Amino acid sequence: MEKELTIDILSSVQKPARYTGGEFASIIKPQAEVEATICLAFPDVYEVGMSYLGFKILYHLLNKEQGVQAERVYAPWIDMEAKMRERHIPLRTLETKKTLKECDIVGFTLQYELSYTNILNMLDLGGVPVLAADRTDEDPLVIVGGPCVYNPEPLADFFDFAIIGEGEEVMVEVMTAYKKWKRAGKPGGRQAFLQEVVKISGIYVPSFYKVEYNENNTIKAVQPVAENVPPVVYKRVVGDMNSVDFPTSPIVPFGEIVHDRIMLEVFRGCSRGCRFCHAGMVYRPVRERKPEVLKDLARQLVDNTGYNEISLVSLSSADYSCLAPMVHDMIDEFKDDRVSVSLPSLRIDSFCVAIAKEIQAVRKSGLTFAPEAGSQKMRDVINKGVTEEDLMNAVGAAFESGWNSVKLYFMIGLPFENDGDVLAIADLARKVQYKYYQVTGKRGCKVTCSASFFVPKPYTAFQWFAQDDLENIRRKQFLLKDEIKTIKNVTLNYHDSKTGIIEAVFARGDRKLGKALLLAWQKGARFDGWSDCFDYERWLEAFAEAGLDKDFYAARQRGENEVFPWEHISPGVSRKFLWNEWQKAYAQQLTHDCRRSTCTGCGVCQKLGVKIIDYKNAHGEVEA
Amino acid sequence: MKLRMQITKDPEIRFISHLEYARTISRAIRRAKLPAAYSEGFNPHLKFSLASALGVGVVSYTEFVEIELAEPMEVELAAKALDKALPRGIRVLAADAVDTHHAALMSQAAGANYRVTLPYSRDISEAVTAFNEAPQLLFKKAAPKTKAGFKEIDVKFYIPHIDVTCDGAATVFAFDCKITPTGSMKAVDLLNALNEHYQLDLPVEMADIERLNLYRLSKKGNKVPMLNNDAVKLG
Ligand code: B12
Ligand code: SF4
């Protein structure tokens with residue numbers, strides 16, 4: 001047995017409970033029952049990873065499988081990593097304390113591009129060769145899934161295969177295939193297993209594709225080089241959310257985590273069609289759960305966790321067809337248990353303010369709205385579908401209900417944006433303050449504006465767009481800051497933009513970036529999403545050494561016919577639809593939401609043979 | 001009615017903090033559906049308390065939780081329900097019930113018994129004898145909230161006697177530590193004080209500290225268990 005974490009180490013690091021497991025409802029099966037161990041690896045600290053719903057789902061679901069033991073591992077924080085490296089202590093799972101090398105499969109979720117270096121670091125700490133090509137039959141299979149998997153190319157050198165799309169069904173198939181292969185004595189080694197698993201729909205094996213480049217470094221073609229390999233891997237999608245498993249007894253951690261409450265997934269997908277939004281494109285179509293199903297899940301979750309808050313999570317929970325009656329029922333049902341109900345975000349309308357008031361989820365200290373852009377022109381460019389009047393009605397309703405401060409979320413650096421559009425943010429804040437005066441007769445309404453730097457993502461209408469460069473985005477930030485300084489009680493929050501540039505490089509990057517990623521990690525990059533760890537200069541060095549140009553990836557406008565590095569992996573959305581949306585953005589034309597109206601032709605439903613499930617319209621099982 | 005239970009903090013979860021331990025128990029009380037009382041107000045809190053605060057890293061087989069109930073419940077049923085609702089590393093060992101106005105356990109604890117194991121094999125019997133015979137042993141314990149940053153205490157007031165054995169690989173300290181209304185001292189500070197006064201090199205950072213017992217004292221000075229004699233025993 002290799003070395004384990006000792007008392008002196010655990011006593012000297014921050015939050016040692018991150019590393020010791022044993023939480024309520026964590027699962028350890030009798031060793032004799034276990035045929036295959038899969039480690040669900042979240043490339044960030046415990047408190048962040050434990051808040052991730054996707055792994056709550058997969059942990060529960062995989063552990064239900066006979067012979068499968070699902071375990072967890074998180075990125076050790078800097079202080080712990082230093083101790084582990086100093087004493088050569090490998091990274092182990094929280095359940096049975098296996099090193100990553102001892103697991104059959106190690107599965108990372110790709111939620112955020114700036115966690116990629118942590119993946120390399122965790123593999124290395126766990127005793128697994130970082131490069132897929134260096135792994136032998138003694139090593140685990142390293143797999144990835146999650147929203148960033150629609151362009152996994154920058155990570156192609158590091159994982160063995162990817163799960164494209166929703167994991168609930170496909171992971172059961174993968175584990176069944178794995179157990180069968182393992183029982184047979186692993187014939188043909190890992191290469192043979194890859195050839196087997198690639199037959200399952202939704203599996204992408206990067207080593208089975210060859211990438212050819214043009215002279216200008218853009219992609220010429222990506223083609224399969226092995227048998228049975230599909231030219232395009234389409235995502236897996238759960239047809240009916242009512243029949244798929246949802247965890248009713250998730251792990252309850254000892255300490256406080258970021259989302260320390262019940263997460264009840266009300267529906268999957270969002271078709272509002274905001275043109276900047278990656279999630280809105282890759283999770284289509286909308287599929288709701290029935291209110292009865294949700295109420296039943298909520299009851300079990302309350303009983304099994306002891307939490308006192310239920311958060312109704314979805315990409316836009318306020319759009320749920322049966323929201324108001326369901327919230328009423330839940331508040332009623334759980335009053336005696338002292339459980340409250342909350343919504344993670346609000347839509348900009350008075351209906352939502354009324355709901356917020358009812359659930360008191362957001363204390364009087366502040367309501368948050370996301371107009372995303374300051375000017376109407378920009379809101380039309382991004383297809384936000386919200387007018388200034390909508391916002392004024394919403395904040396007016398909030399002020400009437402007693403709120404006296406609001407937070408507004410914006411993005412800057414959007415396509416077709418000029419300085420006037422940026423300054424319009426300040427203007428909007430002023431108007432909100434005036435609305436407060438109109439409603440209450442008083443002054444002094446606090447408005448907090450937050451302006452983040454837009455990062456273009458693959459499979460969105462803005463995938464062709466050249467991101468603003470550092471100088472330009474800084475200029476815009478200062479412009480806005482100077483303007484907002486002149487308004488009393490309005491504050492502006494914004495982040496350093498350098499992380500946004502690295503995020504943009506990896507979001508639309510290709511396989512060549514693997515080299516830069518490896519170099520950056522070797523130079524010490526990890527926790528790049530944490531401002532205290534991020535080092536821009538280090539990234540610039542890594543790009544230079546790899547012979548790559550960050551601007552080629554982040555700040556280059558793509559042509560109509562350019563082949564993208566990610567087109568052999570698809571969420572089902574057609575390129576034609578996205579290009580049209582890009583053109584409509586330029587023309588400031590809106591596209592409606594297909595959820596309760598006609599199909600707008602993104603192609604997902606037809607391509608994948610699924611349909612929208614919404615209980616408000618003709619599908620008709622429930623009347624709202 | 002007030003339920004009182006003797007619970008553990010087993011080695012596997014020794015590194016959770018006191019706050020984390022308390023949160024875990026409050027959630028377990030909810031999962032167990034004990035008819036617990038809540039405070040009034042906008043943000044109602046469960047009415048329960050722990051008899052003592054245990055340091056991060058310290059194992060204990062004698063923690064006590066007191067839970068105020070809004071309705072009476074049979075002690076054994078409650079103890080079993082809570083035991084089931086707790087994570088693996090916390091077990092319910094015994095339970096009893098008293099009147100709501102009964103003095104808090106926290107105020108009654110008069111002493112604790114510890115075992116401290118160190119990976120250490122040098123002979124320290126001279127220092128141990130000297131310690132046991134010393135009338136007083138002053139030590140500056142860290143007190144981050146004070147101006148000076150430390151507070152001088154007499155270790156011998158809290159720990160009059162220690163028993164030390166060594167099996168060649170590990171040295172084991174066994175001792176009682178007084179708890180007074182104004183406080184107590186940490187087991188680890190005994191080791192620090194020994195190192196300081198007798199120029200020892202005990203590897204304090206490796207100390208495996210276990211609290212084996214927590215007790216009251218009778219008027220005559222005899223150790224009395226925290227729970228009543230009729231307490232229900234589990235497991
Ligand atoms: C909960 C949440 C958090 C929580 C928990 C962390 C997390 N990443 O989940 C907290 C609050 C801590 C958080 C923090 C942050 N978040 Co966040 N978060 C979310 C949120 C709301 C839900 C994620 C989720 O559980 N989805 C539901 C699951 C079921 O879907 P899923 O992940 O796709 O999983 C399915 C499949 O993809 C697949 N799958 C996924 N992974 C894997 C892995 C394997 C091995 C397999 C087999 C299958 C598989 O199976 C699952 C079941 O079908 C999303 C928005 C959203 N609604 O998606 C944002 C989101 C992921 N967060 C985002 C961001 C930006 C952040 C922060 C950077 C914010 C900040 N500035 O600090 C940090 C980064 C932390 C981090 N390292 O991830 C962005 C990411 C955008 C991007 N790619 O860059 C998102 C998409 C929101 C957004 N639109 O802006 N977040
Ligand atoms: S295919 Fe049509 S109906 Fe389905 S999500 Fe796309 S736009 Fe909506």
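Across peptide A:15-26, the average count of Cβ atoms from other chains found within 10 Å of a residue's Cβ is 5. Computed over the alpha carbons of segment A:326-475, Rg followed by Dmax gives 17.5, 56 Å.
Sites listed here are trypsin sites (Lys or Arg not before Pro) in segment A:188-259 whose DSSP assignment is loop and whose Cβ has at most 14 other Cβ atoms within 10 Å: A:Lys199. Note on segment B:133-230: Cα-only Rg and Dmax are 15.3, 48 Å. With the simple model of a label 7 Å out from the Cα in the direction of the Cβ, B:Asp154 to A:Asp419 spans 7.7 nm.
Which parts of segment B:94-124 would a label at B:His45 reach, counting a residue when its backbone N lies under 18 Å from a point 7 Å out along Cα-to-Cβ? Those under the cut-off are B:104-107. For segment A:163-191, the residues whose backbone nitrogen is under 15 Å from a point 7 Å from the Cα of A:Lys607, taken along Cα to Cβ, are A:164-166.
Here's the list of aspartates and glutamates a cross-link from A:Lys3 could span, going by alpha-carbon distance under 13 Å and ignoring same-chain residues fewer than 8 apart: A:Glu86.
Evaluate 2.2 N^0.38 Å with N set to the residue count of segment A:380-461, then give the Cα radius of gyration divided by it. Intermediate results must be reported in sequence, preceding the final value.
Working: Rg = 14.4 Å, N = 82, 2.2 N^0.38 = 11.7 Å.
Taking N as the residue count of segment A:380-461, the ratio is 1.23.
Over all projection directions, the Cα-based convex hull of segment A:7-234 averages an area of 13.3 nm². Whole-Hz Karplus values for segment A:314-324 come out as 5, 5, 8, 4, 5, 7, 4, 4, 10, 4, 4 Hz, taken residue by residue from phi with 6.51 cos²θ - 1.76 cosθ + 1.60 and θ = phi - 60°; glycine and proline positions read x. Legend: residue pairs A:Lys357/A:Lys616; A:Lys56/A:Lys607; A:Lys377/A:Lys476; A:Lys498/A:Lys584; A:Lys15/A:Lys83; B:Lys186/B:Lys220, Cα-Cα distance threshold 21 Å; pairs beyond threshold, A:Lys357/A:Lys616; A:Lys56/A:Lys607; A:Lys498/A:Lys584; B:Lys186/B:Lys220.
The interface between chain A and chain B buries about 2400 Å² of solvent-accessible area in total (1.4 Å probe, ligands and nucleic acids excluded). Sparse packing (at most 10 other Cβ atoms within 10 Å of the Cβ) combined with a DSSP loop state is found for the following trypsin sites (Lys or Arg not before Pro) in segment A:318-412: A:Lys335, A:Arg363.
Residues within the reach of a label modelled at A:Lys186 (point 7 angstrom out along Cα to beta-carbon, backbone nitrogen below 20 Å), restricted to segment A:1-28, are A:1-2.
Cross-link partners for A:Lys199 among the aspartates and glutamates, with Cα-Cα distance under 18 Å and sequence neighbours closer than 8 places in the same chain left out: A:Asp160, A:Glu166, A:Glu168, A:Glu169, A:Glu173, A:Glu227.
Counting partner chain Cβ atoms within 10 Å of every residue's Cβ in B:26-33, what's the average?
Numbers: counts 2, 8, 3, 1, 9, 10, 1, 3.
The shielding value for this peptide is 5.
Based on the Cβ-Cβ distance from A:Asp551 to A:Lys481, what FRET efficiency comes out when R0 is 22 Å, to the nearest 0.05?
Working: r = 25 Å, r/R0 = 1.15.
For A:Asp551 and A:Lys481, the calculated efficiency is 0.30.
Look at where the Cα atoms of segment A:293-335 and of segment B:123-170 average out, and the two centres are 55 Å apart. A DSSP coil position with no more than 11 other Cβ atoms inside 10 Å describes the following trypsin sites (Lys or Arg not before Pro) in segment B:72-127: B:Arg122.
Based on DSSP H runs of at least 4 residues, each adding -39500 (n - 2.57), what is the mean residue ellipticity at 222 nm of chain A after dividing by all its residues, to the nearest 500 deg cm²/dmol? The partial results should precede the final answer.
Details: 21 runs with 220 residues, N = 624.
Calculated from helices alone, the mean residue ellipticity at 222 nm is -10500 deg cm²/dmol.
On the beta carbon distance between A:Lys29 and A:Ser350, with R0 = 45 Å, the FRET formula returns roughly 0.30.
Among the cysteines of chain A, those with no neighbouring cysteine Cβ under 4.7 Å are A:Cys148, A:Cys270, A:Cys322, A:Cys352, A:Cys445, A:Cys449, A:Cys533, A:Cys594, A:Cys599, A:Cys602, A:Cys605.
Based on the Cβ-Cβ distance of B:Ser121 and A:Ser597, what FRET efficiency does E = 1/(1 + (r/R0)^6) give at R0 = 60 Å, to the nearest 0.05? It comes to 0.15. Once the Cα atoms are used to define both axes, helix B:18-31 deviates from the longest principal axis of chain B by about 20 degrees. Modelled spin labels at B:Glu71 and A:Ile78, positioned 7 Å past Cα toward Cβ, are 5.4 nm from each other.
Computed from the alpha carbon atoms alone, the convex hull of segment A:117-241 holds 132 Å³ per residue.
I want to verify the translational diffusion coefficient of segment A:14-62 in µm²/s; compute it with Stokes-Einstein, Rh as the Kirkwood radius over Cα pairs, at 25 °C and 0.890 mPa s. Value of D from the Cα-based Kirkwood radius: 197 µm²/s. Across all C-alpha atoms in the protein assembly as shown, the radius of gyration and Dmax reach 30.0, 94 Å. Spatial offset of segment A:338-359 relative to segment A:390-461 amounts to 19 Å, using the alpha carbon center of each. DSSP assigns beta bridges within the protein assembly as shown; of those with both partners inside it, close to 55 percent run antiparallel.
Excluding residues on the same chain fewer than 8 positions from A:Lys220, give the aspartates and glutamates whose Cα lies under 13 Å from its Cα. A:Lys220 reaches A:Glu212, A:Asp510, A:Glu562, A:Glu567.
What is the helix-to-structure angle for A:291-305, meaning the angle in degrees between its Cα long axis and the longest Cα principal axis of chain A, kept from 0 to 90 and rounded to the nearest 10? Tilt of helix A:291-305: around 60 degrees. Computed from label points 7 Å out along Cα-Cβ, the spacing between B:Ala169 and A:Asp137 is 3.7 nm. Chain B gives an Rg/Rh value of 1.01, both radii derived from C-alpha positions and Rh following Kirkwood.
The values are calculated or read from the model by the stated rules, or taken from the named source; none is laboratory data. In this text the structure is predicted, and so the values were computed from the model without any measurement. Note that we place each Cβ from the backbone using ideal geometry, even for glycine, and neighbour counts take in every protein chain shown. What goes into the accessible areas is simple: the full protein's heavy atoms, side chains included, and nothing from ligands, DNA or RNA. Shrake-Rupley method; radii C 1.70, N 1.55, O 1.52, S 1.80 Å.
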